[in-house]
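The structure under discussion appears below in the form of structure tokens.
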Amino acid sequence: MRIRRRQGWELPECRATDEKYWLDRRRFIAAMGFGLGSVATLGCGASADGGVDEITVSSTIPPARPPYPFSRNESIKLDRAITDETVSASFNNFYEFTTDKAGVWKLTGDFETRPWTLEVGGLVSKPQTFDVETLVATMPMEERLYRFRCVEAWSMSVPWTGFPLRELLRRVEPSSNANFVRFVSFNRPDQAVGIREQSWYDWPYYEALRIDEAMNELTLVVTGIYGHELPKQHGAPIRIVTPWKYGYKSPKSIVRIELVESEPNTFWNDLAPDEYGFMSNVDPKVPHPRWSQATERIIGTGERVVTLPYNGYGEWVGRMYS
Ligand SMILES: Nc1nc2c(c(=O)[nH]1)N[C@H]1C(S)=C(S)[C@@H](COP(=O)(O)O)O[C@H]1N2
Ligand SMILES: [Mo]
């Protein structure tokens, strides 16, 4: 497979046109009989020199346009290098599309992420439906550099853009018996081949946090990454990020948040309760039944480093568990 690693500013010629144009063209090419599985890069029109340009992972990354970028919250420090954007954008867990991490970005073309609304309800006094664009325009948006640790023992470090979940929860006024916060991802078989073809999973993806975890200042509602809106493979247009927990506790492309009284079931805990608990805080001392969690591989560089308790965020979250 050939993926050209371009810089963000080194856009292919076709990227200058509307995203819709090349997506339509991609469908057209697929209809011509070149399946996505058979070609890693797809033509997207003649470039200035008369040659044929290619679809690369960079072409799936949205440009920085206002109101992005937002200013960085410098109080949260990162102890390692930021992962190259083309690396994180081409290595994703998003089973609604495929279980092949290197293939997600190639399969999100039909996924429509705009407009998008997020319903917040359950045990609250002011249930509301929010438009994502309105949230971006009205919430206290900021950029944060977070480490991100998958239970599969790989990690990345990226600049997320978003706002604390607690700011959203305050707007709906949780009831006193709201002990947990439940998240539900999108469920559109017509737009996501993994939902359509992997019927053995219990779609839509669902996750949850305790209310104190949801109110922790580190818990972020994320709409952007690397100073622009989220590309689809990272969970556009809106997702959750909890950096002290394994990656599966950070649900993507969410459509509903529900406040509930008792501990909700979660997608991975229901699938394999012996391997994936509800809490799932990063803990190097507790091995996964099939591998150690003591170290992690940093994607892009391949460097292997020691995994830290709470993924290094004990100072922020440790007191919730003592
Ligand atoms: N809806 C949904 N959310 C999801 C997943 C998924 O398959 N579906 N995978 C999870 C896992 S296992 C990880 S590691 C992260 C990956 O996020 P990234 O691709 O943006 O790095 O998303 C999490 N959120
Ligand atoms: Mo993960």
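For A102, state whether it is farther than 23 Å from I254 by Cβ and within 16 Å of ligand 2 (Cβ to nearest atom).
Details: farther than 23 Å from I254 by Cβ: yes; within 16 Å of ligand 2 (Cβ to nearest atom): yes.
It is true that A102 is farther than 23 Å from I254 by Cβ and within 16 Å of ligand 2 (Cβ to nearest atom).
Does V136 meet the test of being in a helix (DSSP H, G or I), aliphatic (A, V, I, L, M) and either under 20 Å from the mean Cα position of the chain (by Cα) or closer than 21 Å to R72 by Cα (or both)?
Values: in a helix (DSSP H, G or I): yes; aliphatic (A, V, I, L, M): yes; either under 20 Å from the mean Cα position of the chain (by Cα) or closer than 21 Å to R72 by Cα (or both): yes.
So V136 fits the description; yes.
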Would you be able to say whether some residue in the stretch 240-261 is over 22 Å from E119 (Cβ atoms), at pLDDT 95 or above, away from ligand 2 (no atom under 16 Å from the Cβ) and of a type in the set (S, T, Y)? no
Quick one: which of A81, A178 is open to solvent by 60 Å² or more (accessible area, probe 1.4 Å) and not polar (S, T, N, Q)? A81
Taking the condition part of a helix (DSSP H, G or I), at pLDDT 95 or above and either away from ligand 1 (no atom under 12 Å from the Cβ) or closer than 26 Å to R182 by Cα (or both), does T113 pass? no
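When you scan the stretch 122-143, do you find a residue that is at pLDDT 95 or above, within 23 Å of N269 (Cα to Cα) and open to solvent by 20 Å² or more (accessible area, probe 1.4 Å), even just one?
yes
The values are calculated or read from the model by the stated rules, or taken from the named source; none is laboratory data. Please read all numbers here as calculations on a predicted model, not as lab measurements. Please note: Cβ atoms are built from the backbone with ideal geometry, for glycine as well, and neighbour counts cover all protein chains shown. Just the protein is used for accessible areas: all its heavy atoms, side chains included, with ligands, DNA and RNA removed. Shrake-Rupley method; radii C 1.70, N 1.55, O 1.52, S 1.80 Å.
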